[in-house]
1. Within region 103-127, find all residues whose amide N lies under 20 Å from a label point positioned 7 Å from the Cα of Val304 along Cα-to-beta-carbon.
2. Stretch Lys449-Asp386 to full length: gain in nm at 0.36 nm per residue minus the Cα-Cα span?
3. Please name which of Pro625, Leu652, Gln668 has its Cα lying farthest along the dipole of region 601-685 towards the positive end, using unit charges on Cβ (Lys, Arg +1; Asp, Glu -1) and the Cα centre as origin.
4. List the trypsin sites (Lys or Arg not before Pro) within region 599-631 that DSSP assigns to loop and that have no more than 14 neighbouring Cβ atoms inside 10 Å.
5. Note down the nm distance, to one decimal, between modelled labels 7 Å out along Cα→Cβ at Thr401 and at Asn130.
6. Starting at the first residue of region 662-670, write each ³J(HN,Hα) from the Karplus equation 6.51 cos²θ - 1.76 cosθ + 1.60 with θ = phi - 60°, in whole Hz, x for Gly and Pro.
7. Peptides 222-231, 377-386: what's the order by average Cβ count within 10 Å, highest mean first?
8. What order, most packed first, do the peptides 147-154, 268-275 have when packing is the mean number of other Cβ atoms within 10 Å of each residue?
Amino acid sequence: MVAKKSFYHSLKFAVWQIPVLVFFFSVSATGQSVRPQNVPTWADSIHHLRNVTVTANRIPKEIIPVQLLSGEQLQQLSVHSVADALRYFSGVQIKDYGGIGGLKTVNIRSLGSNHVGVFYDGVELGNAQNGVIDLGRFSLDNMEAISLYNGQKSAIFQPAKDFASASAIYMQTRVPSFDGSLRNHVNVGFKWGSFDAYNPSMLWEHKINAKVSTSFSSELMYTSGRYKFSYAKKNGYDTTEVRRNGDVRAVRIEGAAFGKLQDGEWRSKLYFYHSGRGYPGASVREEPGKFSHQDRQWDSDLFVQSSLRKGFGEVYALLFNVKYGYNYLHYRSDPRLDVTTMYIDNTYRQQEAYCSAAHLFNINRWWSCSLSTDFQWNKLNADLTDFVYPRRYSTLMSCATSVQFDKFKCQASMLYTFVHERTNRTGTNAGDKSKFTPTLVVSYRPFRKIDLNVRSFYKRVFRMPTLNDLYYTFIGNKDLKPEYTNQYDLGLTYAKDFKHGCIRHLEFQVDGYYNEVENKIVAMPTSNQFRWTMLNLGFVQIHGADVSLQADWHVAEVGILSRVTYTYQSAQDKTDPTSPYYGGQIPYIPWDSATAILGVDYKGWHANYSFIYTGKRYESSANIPENYAQPWYTSDVSLSHTLRLKRCNIRLTAEVNNIFNQQYEVVQCYPMPGVNYKFKINIML
C-alpha cells in the first residue's frame, strides 16, 4: 500500500507540475528584454548552411566528449545504415550478426548495449522488452547528422531521459531549408549492388509558407543476403560456402511538419517501418552447408512524436515532447525446416506513451539552471505460456545547473528515477525502484590565445532490468537488482587554424577513462541447458583511451579531409575472484581498434577511402587459445560525381567495400561479406 501511494503521488506530481511551471515562469519572464551575453540559450538545434565548399565537420568543442559525422562526410562513407557509420567513432564496438539482414547492436566503452540511449530527432527510441535498438534498420538517406556523447550531451536544457544513459547516440534527420522563391526540393535515388540489393528512395520537401514546411521520405529495400565466404574446417580456410536465409524486404515511410515561432520552433513526425527477414544463424564449422537455417522474423514499428521549443523573453524557455509508439514482432523457428532448432512461433506487442517538459532559466550572464520531468508508460503483451503481461510506469526528474566563465565551465545535474510495475498476477511484479544519480562536468581553458581545453566528468547511471530480464517465461527473475555504472573521464581538445600552407585546420581530441559496472545482469543455466535464468553476478572494470585527429587540407583546387581515431580498452571481468579466468578481457572487446577516413574533393568529383581495424580479442571471458579471435580489417573506397544541369543535379556514386576481400567474423560463426559493390544515382530537383 505504501508503494502504491508513493507511485500515484509521483505520477500526480509529474502530471500537474508541467502546466503549473509553464504558467508561472512564462508570466515571470515576459518583462525581460535584453539578452545577457554568453548565456546558454534554448536555441541549440542544427543550423543549415548552403553553398559551402569545405564539407568537413570540425570536432565540436564540448565539455563532454563528443564525436560527429554530418553532411557530405556522412553521405560519402561506404555504409548501409547508421550502425555501419558508428564504426568510425572511437570507443564503439558494433556486434554484427552477419551481413545486411543480421542484427546490429552498439556497445560504447564496453558498458553494454543496454547502457546506450538512442535518440531520433531529440526523442529517445525505446524498447522496454529487451533494451536493444537494432541500428541496422535506420537508413542514411534522410539523415543529416549522427553524434555520439560519452556520459551525456553538453547541455542542461534537455529532457530528463537525456541524463539517464551512460552514452547517447543522436540521429538528426533533415530539416527543410529553402533559398529565395523555391518551394519544393525533390531527391529521387536508386541503389543497387551485390547480394541482389535494390534500394529505391524518395525525399520531398515542401514549403507551405514562411513559417511552415513539410517533408515526406520513403524507401524500399530488398536483398537476397546471399554471399560467399571462406570456411574453416580445421587449421585454416579450406572451402567456400554461401550465406543463406539472409534476405530482407523492408519499407520505411516518414512524414514530418516543421514550424517557426517567435523565439521558438515546433516539429511533428510520423514514422513507419515494416520488414520481413531471415536470420542466417551461426555457420557450422565441422560440416559446412549441411544445415540450412530457416528462422524468420517480421517487424512493424510505428510512432508519432512532437516537440515544441519556445523562449519566453530572455530568461525562461520551455521544451515539451510527446510520443506514442507501437511495436509488433513475430518470430518463427521451425524444426521441420531446420533440424538444429526447436519450434518457436511467438508474437510480441509493445506500446509506449511518453511526455516530457524541460524548463531553462537564464539567471544571469554566467549562470543558468534547468528543471525537467518525464513520464513514460510501457506495456508488453506476448503469446507465451504463463506470461504475466507487465506494465511499467517510469517517472524521471532532473535538476541541472551550468556556470560559464571565460576560462572555466562547469555543469552539475541530479537525476531522480522512480519505476513502478504491475502484472496480471498477484506477487509476480518486481517491487518499486527509485534512485538519485549525480553528474559533474568541468572544463578549463588555461591559455587565452591557444585553443586548448582540459575537461573531466563523473557520472553514475542507474539502469532498470528489461521486461524480458524480469518476466520472460521460465527465464525472467523479478528479484533482479538494477545495474549501476560509475564513469570517470579526463581529456583535452586542441584546435588551430592556419592561414598559409597546405593544412588549413587541425583538431586533436584525447580522453582517458575508467568505468565500473555493478550488479551486471547475466544469463545462467539452471538444472538443464534449455531453461536459463537471469542473475546479478557481474562486475566489470574498464580502463581505456580514445584518440581522434582531424585535419583539413587545401592543395591548389583540391580539398582534402583526413580523420583518424584510435581506441585502447582493457575491460576485465572481476565477477568471481575464485575463477581461473578472473580478470580476463570480456567477450568481443578488442584491446586495440582504429579507423581512418580520407576524402578528396576536386571540381565536382569526390573520392573517399575508409579503413577499419579491430585487434585481438576473445570470444569468452576464458581468455584461452581456443577462444582467441583473429584481428581483422576492411578497406572501402567510393567515387562520386555531380552533374549540374539546368533544372536538376544528378549525382552518380560507385562503391567497392572490403576491397581486399578480407574474410572475418565480428561475432563467432557469423561470417561477414567479402568484396562487394554498390552503385547509386540521385536526381535532385
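1. 120-126
2. Between Lys449 and Asp386, full extension yields 15.9 nm more.
3. Of the listed residues, the answer is Leu652.
4. The qualifying sites are Lys603, Lys616.
5. With each label placed 7 Å out from Cα toward Cβ, I get 4.4 nm.
6. 5, 9, 8, 10, 6, 10, 3, 6, 10
7. 222-231, 377-386
8. 147-154, 268-275
No lab work stands behind these numbers, since they all come straight from the coordinates. Keep in mind that this is a model prediction, so the values were computed, not measured. Cβ sites come from the backbone with ideal geometry, for glycine too, and all protein chains shown count toward neighbours.
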